[in-house]
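Asks: Quick one: this structure, given as structure tokens, is what I'll be asking you about.
The values are calculated or read from the model by the stated rules, or taken from the named source; none is laboratory data. Remember, it's a predicted structure, so these values are computed and weren't measured experimentally. Every residue, glycine among them, receives a Cβ derived from its backbone with ideal geometry; neighbour counts consider all protein chains shown. Surface areas here come from the heavy atoms of the whole protein model, side chains and all, with no ligands, DNA or RNA. Shrake-Rupley method; radii C 1.70, N 1.55, O 1.52, S 1.80 Å.
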Number of protein chains: 2
Amino acid sequence: MSFEKNLEKYAGAIVKVGLNVQPGQRVLIGTPILNRPISFEHAPLVRHVARKCYEAGARMVSVMWGDPELDLIRLRHADPETISEFQHEWLINAAMPFAERGDAILVIYGADPDLYADEDPDLVSIMQDAAQRSTRDLRLNIVRNTNWCIVAAPTEAWAKKLGLSMDKFWDVIFSISRADRDDPIKAWDDQVEMLQSHATYMTQKAYQALHFVAPGTDLTVGLPDNHLWASALSPKPDGITNMVNLPTEEIFTTPHKDRVNGTVTASMPLSYGGTVIADFSLTFENGRAVSAKAGKGDKVLQKLLDSDEGSRFLGEVALVPHSSPISQSGVLFYKTLLDENAACHIALGSAYRNGIDGGSAMSEEEWASAGGNTSLIHVDFMIGSGKMDVFGVDASGNEEPVLKQGEWAFTVRARQ
Amino acid sequence: MSFEKNLEKYAGAIVKVGLNVQPGQRVLIGTPILNRPISFEHAPLVRHVARKCYEAGARMVSVMWGDPELDLIRLRHADPETISEFQHEWLINAAMPFAERGDAILVIYGADPDLYADEDPDLVSIMQDAAQRSTRDLRLNIVRNTNWCIVAAPTEAWAKKLGLSMDKFWDVIFSISRADRDDPIKAWDDQVEMLQSHATYMTQKAYQALHFVAPGTDLTVGLPDNHLWASALSPKPDGITNMVNLPTEEIFTTPHKDRVNGTVTASMPLSYGGTVIADFSLTFENGRAVSAKAGKGDKVLQKLLDSDEGSRFLGEVALVPHSSPISQSGVLFYKTLLDENAACHIALGSAYRNGIDGGSAMSEEEWASAGGNTSLIHVDFMIGSGKMDVFGVDASGNEEPVLKQGEWAFTVRARQ
């Protein structure tokens, strides 16, 4: 019974805090923003979410399901020449009207991190490039127009990878999502306020750069003029605000793409497109990752860096205290959506336009000269730990502590 | 092991005989023609079919899944005012390009015949009318352009309704689909030839009418000039032929909508949109069903007859010998797709244009004056049994036996 109760509370938080579904809205549940339909293992959660959506006044809940097994069957049995055609083209035709109308879009993530472990990596990469290219406009429309949210839910294969029973995995998800609290929605309201306060503090500080120091890491990440720190709280054009991730523990901004220098060592493995990259470091000079080496998955890492012009430059820098519930769960999820909320992280690839004041209105040239990066990829990886110090560098080059041994080094005004 | 083997052979027959998938074709699997996505209970069959499609040279297999439970959640929790909006609008946007391109489209049917038994019948009817209306163009495009096929596969709820275990239900499906034969594809080639021979014989006879006689039934169904008898073998514009149903035991033609007279008693219940209509008779005068009465589901039957102008007139007449494997299975499936292949049947509603020579090219007026019916619905119901005699009425009014006590009264030339 407690599982069903928690599942219902999780669904409630997703609908009210994550999506903030409005009366009369259409809701799309799927994973279009991850280039895939949704696994039917998620049916029990989806049914709860659908009911909560209708109770919130949604006029229609549509779900686009998929079967990851069919992607494997295609990789193994289709003519390899055909793999460059995106296998879920129909998903774009189906989802685009939702994205264009500004409906609510829920992405439920849960997949086997090793799904493609036994497949030809070149073929997998061709398949994933096709997906990235084909879904670009859809994803832009979702991010621009809709109240969208990504959440996670266990699957059998994912649980197995983590060495957890499904029950235990769900308990972890409920805990980090605060769904096991008496009032998850109140807990999230408090959390959102806390994140926003930290973001406001950091924006007001207007540091020139952040300096990350930890074992294997001595990295300076320059910040553009007028950069803005934000949480996952996102306003859409009609004024509705929602949280684009649940759970979320980060505040983040846009780095200056040409002012990153030093070496950084990942503090956690990264699951990228069905392959795990682990034990890796990158060295940056004037923003560019000039060298990189991974103990595991090096070939995929090099491929990732060579994706396009912008894939060797940073597009995000994010701060997460080491005491975050996700970090405290002690679970490595092999999924950025969750793992990035366990540690400070940076991302290779495209930067969010709203990380620089006025960024959304800039031309491509203005954006680049302001320090904003552009790329087809955006891949976060984790660099933080309990051994990390982060300093804010002010205009005179003085360093102030921001995180000390993984924890906030400043306090923000408490909730009224 | 024998289950997996039969499932694979079933998939093989579906791909080779049902769809006749061509090298380079895209394949869509779903149930768009039934206004619904496909239940994920069918994943094991779908995966076999997908592999067989790739082996046949398909360039892509896309599957549109659904969850019937979500339709129930909508009926129960959404604002009733919103139910007139088709709940799977996305399916049309997703499936239309496949239908327009003339891809292969597989419909896998398997649902709970009592799904809506506890719901408000008026609301269910509004929902189903919306689906019929919204998918009309999609269905027309599928029928016109694609090599499409409808097959059946068990689900838990359907098995329960039939009082069968899932294993037993699958055995029945394998048997009636000839998937348990050594060479199912050869068995289907023979069956198709047999059906075509009977259709050719009946077309050459050019009867003015058929006269059906059985307990509770004395019905004369007039046939238009130049009517054509056909099997489920269907040519598409590019010349590919395929079977639109698997299994199939019927030959059928288009009746003259204004020349149907007498009374007919259904020999089996009819599951219509989640409600069972049973123990029913209809009386026709000059083509129109002037009265009808059902012992069970009468309200739904009356609603069905009042759907539109053409819903009280016939759009199909079909002959099936009582010894058909489906009839011999002794199972009432509560699903026309299968039940109609157990017995002679007639359909209320729209007629197939190709049932009259040149029908496809006729204007609406020409079609109507040739005797062809038009309606948004097409609902078959079973009238045949081992006690039915069917006579062909020639131009002079003489009657020749066509079926005697349920079996063919003539023999066609054997296979060379």
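Asks: Count charges around residue A:154 for me, please; just the other residues with Cβ under 12 Å from its Cβ, Lys/Arg as +1, Asp/Glu as -1.
Replies: -1
Asks: Right, next: Can you tally the net charge around residue A:285? Count Lys and Arg as +1, Asp and Glu as -1, for every other residue whose Cβ sits under 15 Å from the Cβ of residue A:285.
Replies: Net charge in that neighbourhood comes out at +2.
Asks: How high is the relative contact order of chain A, in percent, counting Cα pairs under 8 Å that sit 6 or more residues apart?
Replies: Relative contact order here is 15 percent.
Asks: Now for a separate question. Per residue of A:143-155, count partner chain C-beta atoms within 10 Å of its C-beta, then hand back the mean as an integer.
Replies: 0
Asks: Keeping all protein chains in place, calculate the accessible area per residue for segment A:185-408 (probe 1.4 angstrom), answer in Å².
Replies: That works out to 38 Å² per residue.
Asks: I would also like to ask the following. For segment B:123-204, what are Rg and Dmax over the alpha carbons, in angstrom?
Replies: Computed over the Cα atoms of segment B:123-204, radius of gyration and Dmax are 18.1, 47 Å.
Asks: Can you pull the accessible area of residue A:168 for me, 1.4 Å probe, Å² to the nearest 10?
Replies: Around 100 Å² of this residue is reachable by solvent.
Asks: What do you get when you divide the Cα radius of gyration of segment B:295-336 by 2.2 N^0.38 Å, with N the number of residues?
Replies: So the Cα radius of gyration is 1.58 times the expected 2.2 N^0.38 Å.
Asks: Then there's this: Over the alpha carbons of segment A:3-180, what is the largest minus smallest coordinate on each principal axis, giving the biggest first in Å?
Replies: 47, 40, 20
Asks: Then there is this: What value in Å³ per residue do you get for the convex hull of the alpha-carbon atoms in chain B?
Replies: Dividing the Cα hull volume of chain B by its residue count gives 136 Å³.
Asks: What distance in nm lies between label points placed 7 Å from Cα along the C-beta direction at residue A:323 and residue B:101?
Replies: Simple spin-label model gives 5.6 nm for this pair.
Asks: What's the total accessible area buried between chains B and A, using a 1.4 Å probe, rounded to the nearest 100 Å²?
Replies: The buried area between B and A, both sides summed, comes to about 3000 Å².
Asks: Now for a separate question. In the structure shown, do any of B:16/B:52; B:293/B:387; A:257/A:303 have a Cα-Cα gap over 18 Å, and if so which?
Replies: In this structure, B:293/B:387; A:257/A:303 exceed 18 Å between Cα atoms.
Asks: Within a 10 angstrom radius of each residue's Cβ in A:94-104, how many Cβ atoms of other chains show up on average? Whole number is fine.
Replies: If you average over the peptide's residues, the count of other-chain Cβ atoms is 2.
Asks: At 1.4 Å probe size, with every protein chain present, just tell me what the per residue accessible area of segment B:1-104 comes to in Å².
Replies: 33 Å²
Asks: At a Förster radius of 51 Å, what calculated FRET efficiency corresponds to the Cβ-Cβ distance of residue A:166 and residue A:204, to the nearest 0.05?
Replies: With R0 = 51 Å, the Cβ-Cβ based efficiency is 0.70.
Asks: Report, for residue B:409, each distance to the same residue's label point in the other copies, shortest first and in nm; define the point 7 Å along Cα→Cβ.
Replies: 10.0
Asks: Next question. Over the Cα atoms of segment B:208-311, Rg to Rh with Kirkwood Rh, two decimal places?
Replies: When Rh is taken as the Kirkwood radius, the ratio is 1.02.
Asks: Which of the aspartates and glutamates could a cross-linker bridge to residue B:296, judged by Cα under 12 Å and excluding same-chain residues fewer than eight apart?
Replies: Partners found: B:279.
Asks: List the distances, in nm to one decimal, from the label point of residue B:24 to the label points of the same position in every other copy, shortest first, placing each label point 7 Å from Cα along the Cα-to-Cβ direction.
Replies: 5.0
Asks: What spacing in nm lies between the two simple spin-label points modelled at residue B:122 and residue B:362, each 7 Å away from Cα in the Cβ direction?
Replies: 3.9 nm
Asks: Given a Förster radius of 45 Å and the C-beta distance between residue B:81 and residue B:411 as r, what FRET efficiency does 1/(1 + (r/R0)^6) yield to the nearest 0.05?
Replies: Once the sixth-power term is evaluated, E becomes 0.15.
Asks: Distances from residue B:193 to the same residue in each other copy, label points 7 Å out along Cα→Cβ, in nm, shortest first?
Replies: 8.2
Asks: Consider all pairwise Cα distances in the protein assembly as shown and report the whole-number % of them above 50 Å.
Replies: 28 percent
Asks: Let me ask something additional. At a Förster distance of 45 Å, what's the computed FRET efficiency of residue A:225 paired with residue A:133, Cβ-Cβ distance as r, to 0.05?
Replies: 0.85
Asks: For the protein assembly as shown, with only Lys/Arg (+1) and Asp/Glu (-1) charged at the beta-carbon, what is the dipole magnitude about the Cα centre, in debye rounded to 20?
Replies: 420 debye
Asks: Sort B:369, B:311, A:267 from largest to smallest accessible area, using a 1.4 Å probe on the heavy atoms of the protein chains.
Replies: Result of the area sort, largest leading: B:369, A:267, B:311.
Asks: When the helix-only estimate is applied to the protein assembly as shown (DSSP H runs of n ≥ 4, each -39,500 (n - 2.57), divided by the residue count), what is the mean residue ellipticity at 222 nm, nearest 500 deg cm²/dmol?
Replies: Taken over the protein assembly as shown, the calculation gives -10000 deg cm²/dmol.
Asks: Here is a further query. Which sequence of A:4, A:85 reflects their accessible areas, 1.4 Å probe, from the largest down?
Replies: Final ranking, largest accessible area leading: A:4, A:85.
Asks: Looking at chain B as a GNM with Cα springs under 10 Å, which of B:389, B:103, B:183 has the largest mean-square fluctuation?
Replies: B:183
Asks: Calculate the spin-label point distance for residue B:185 paired with residue A:218, positioning each point 7 Å from the Cα along the beta-carbon direction, and give it in nanometres.
Replies: Those two pseudo-labels are separated by 6.9 nm.
Asks: Which whole-number percent gives the relative contact order of segment B:267-416, counting Cα pairs below 8 Å spaced six or more residues apart?
Replies: Once divided by the residue count of segment B:267-416, the mean separation gives 21 percent.
Asks: At a 1.4 Å probe, what is the % contribution of carbon and sulfur to the accessible area of segment B:185-408?
Replies: Answer for segment B:185-408: carbon and sulfur cover 50 percent of the accessible area.
Asks: Also, I was wondering about something else. Excluding residue A:81 itself, what net charge comes from residues whose Cβ is under 14 Å from its Cβ, given Lys and Arg +1 and Asp and Glu -1?
Replies: -2
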